[in-house]
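S.K.: Submitted below is the structure of interest, expressed as structure tokens.
The values are calculated or read from the model by the stated rules, or taken from the named source; none is laboratory data. Because the structure is predicted, anything quoted here is derived from the model rather than measured. FYI the Cβ positions are ideal-geometry reconstructions off the backbone, even for glycines, and counts take in every protein chain you see.
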């Protein structure tokens, strides 16, 4: 095996490992390895890491990001190039949208302190720019010029972690997310005097909901609003309701009656009004449920929310008409006091929408905790949504 072949194999293995640990999901993020001749090999654009072969890994020149062949390298190749230019001893770079680094990226901080480990010192935050742009590359270069650490946070986006080899870069990514979560937890403890940092309590405190969640209104059939809703998938003549335990209820459009769960009526309206939606996922994690209690729309604090969800996720009652209307230009809707419905044309798309919405809720809560919430500009969010739907129309949720 040649050095280049070995580098490509390590890139593929690292991508799969990052997916397995939850640091990246689907095609979000990218991995590269420096090789001789002033070049690096990097994952291709928009491809599932589990499907990659060495032939799919693209060789890119560090000096100008040029490449040959028909396979396009990651659109963030310029970010990787800046790391290699700045640090000659770095041979491996990973760019992630990992959860807690992304949360910190949306907060009003320029750096976070790290007490111990590979990243001991402080991790800087680079200024925001639209993804895959020269401006983002320049902003990353500016941040790199002021640090000797092995990670930087990219504002409203994610993180770049790097090291002498794949193991070191991977260790930096894990330590970064641990440090970011610790920073948020410690901030909450300092502000409240609490000894524990529970997600539900942090959410209620940051959002000004009080020390305990206010009683939610009951749903229209008297069911407590805190109860979990079913997930769903479309069938030819109806749909299926199912939960995480594997229970299923098959529903035909002409069989709905008062004994059905209330969400069945909502899902029927969604499927009839939005031909591109085939899967619906329910999210009721503490952060989403707490945010839904505010009754406010959720706006993009992170690039991937703007891309997958849209310019906002509206807050509505669990009503067929209201939910269906909220999904006209978005792939998710908040249900007041309960959580959120996340939709997609495929099961994977609905899962991805749920992950991104949950992360954006956490980002909003983190930003409130640290003092200032500043969503991405509406026009920038609109542009990202348009580009995403156009570029990934076969993968993204298609909302009619």
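S.K.: One residue is enough: does region 42-54 have a residue meeting the conditions modelled with pLDDT of 85 or more, in a helix (DSSP H, G or I), under 30 Å from residue 349 (Cα atoms) and outside the structural domain of residue 359 (by TED's automatic domain parsing)?
M.R.: Yes, that holds for at least one residue.
S.K.: Quickly run through region 199-221 and pick out the residues that are modelled with pLDDT under 95 and either assigned to a helix (DSSP H, G or I) or over 28 Å from residue 319 (Cβ atoms) (or both).
M.R.: Scanning region 199-221 gives a single hit, 211.
S.K.: In region 254-277, is there at least one residue being within 21 Å of the chain's Cα centre (by Cα) and surrounded by 17 or more Cβ atoms within 10 Å (Cβ to Cβ)?
M.R.: Of the residues in region 254-277, the ones within 21 Å of the chain's Cα centre (by Cα) are 277.
Subset that is surrounded by 17 or more Cβ atoms within 10 Å (Cβ to Cβ): 277.
Among the residues of region 254-277, at least one is within 21 Å of the chain's Cα centre (by Cα) and surrounded by 17 or more Cβ atoms within 10 Å (Cβ to Cβ), which makes the answer yes.
S.K.: A further question follows. Does residue 111 fit the bill of being touching a strand residue (DSSP E or B) at 6+ places or on another chain (Cβ under 8 Å), closer than 26 Å to residue 354 by Cβ and surrounded by 14 or more Cβ atoms within 10 Å (Cβ to Cβ)? Break it down stepwise before answering.
M.R.: Working: touching a strand residue (DSSP E or B) at 6+ places or on another chain (Cβ under 8 Å): yes; closer than 26 Å to residue 354 by Cβ: no; surrounded by 14 or more Cβ atoms within 10 Å (Cβ to Cβ): yes.
Answer is no for this residue.
S.K.: I would also like to ask the following. Would you please name the residue that is surrounded by the most Cβ atoms within 10 Å (Cβ to Cβ), looking only at residues in region 310-342 that are assigned to a helix (DSSP H, G or I) and in contact (Cβ under 8 Å) with a residue 12 or more places away in the chain? Don't jump to the end; show me each part of the working.
M.R.: Quick first cut of region 310-342, residues assigned to a helix (DSSP H, G or I) only: 320-326.
The next check asks that each one be in contact (Cβ under 8 Å) with a residue 12 or more places away in the chain; those that pass are 320-321, 323-324, 326.
Numbers: 320: 18, 321: 12, 323: 25, 324: 21, 326: 22.
Looking at residues that are assigned to a helix (DSSP H, G or I) and in contact (Cβ under 8 Å) with a residue 12 or more places away in the chain, I get 323.
S.K.: Identify the residue in region 286-300 that is in a loop (DSSP other than H, G, I, E, B) and within 15 Å of the chain's Cα centre (by Cα) and, among all such residues, is nearest to residue 359 (Cα to Cα).
M.R.: First pass over region 286-300, keeping only residues in a loop (DSSP other than H, G, I, E, B): 293-297, 299-300.
Imposing the further condition that a residue be within 15 Å of the chain's Cα centre (by Cα) reduces the set to 299-300.
Working: 299: 12, 300: 10 Å.
Looking at residues that are in a loop (DSSP other than H, G, I, E, B) and within 15 Å of the chain's Cα centre (by Cα), I get 300.
S.K.: Under 8 Å between Cβ atoms, which residue pairs at least 6 apart in sequence (or on different chains) link something in region 292-309 that is not assigned by TED's automatic domain parsing to the domain that holds residue 322 with a partner that is in a loop (DSSP other than H, G, I, E, B)?
M.R.: So the pair list comes out empty.
S.K.: Related question: Any residue at all in region 144-154 that's assigned to a helix (DSSP H, G or I) and either within 30 Å of residue 384 (Cβ to Cβ) or not assigned by TED's automatic domain parsing to the domain that holds residue 24 (or both)?
M.R.: As a first pass, look at region 144-154 and keep what is assigned to a helix (DSSP H, G or I): 144.
Okay, now just the ones that are also either within 30 Å of residue 384 (Cβ to Cβ) or not assigned by TED's automatic domain parsing to the domain that holds residue 24 (or both), so 144.
Checked against the condition, which is being assigned to a helix (DSSP H, G or I) and either within 30 Å of residue 384 (Cβ to Cβ) or not assigned by TED's automatic domain parsing to the domain that holds residue 24 (or both), region 144-154 yields at least one hit.
S.K.: Also, I was wondering about something else. Here are some conditions: (1) touching a helix residue (DSSP H, G or I) at 6+ places or on another chain (Cβ under 9 Å); (2) free of Cβ contacts under 8 Å to residues at least 60 places away in the same chain; (3) not in a helix (DSSP H, G or I). Residue 162 meets all but one. Which one does it not meet?
M.R.: (2)
S.K.: Does residue 97 meet the test of being closer than 16 Å to residue 156 by Cβ and assigned by TED's automatic domain parsing to the domain that holds residue 21?
M.R.: Details: closer than 16 Å to residue 156 by Cβ: yes; assigned by TED's automatic domain parsing to the domain that holds residue 21: yes.
Against the criterion (closer than 16 Å to residue 156 by Cβ and assigned by TED's automatic domain parsing to the domain that holds residue 21), residue 97 qualifies.
S.K.: Filter region 66-94 for residues that are within 22 Å of residue 174 (Cα to Cα) and surrounded by fewer than 16 Cβ atoms within 10 Å (Cβ to Cβ) and give the result.
M.R.: Of everything in region 66-94, just one residue is within 22 Å of residue 174 (Cα to Cα) and surrounded by fewer than 16 Cβ atoms within 10 Å (Cβ to Cβ), namely 89.
S.K.: Listed residues 104, 24; which is part of a helix (DSSP H, G or I) and closer than 30 Å to residue 353 by Cα? Let's see the steps before the verdict.
M.R.: On the way: 24 fails: part of a helix (DSSP H, G or I).
Exactly one residue qualifies, and that residue is 104.
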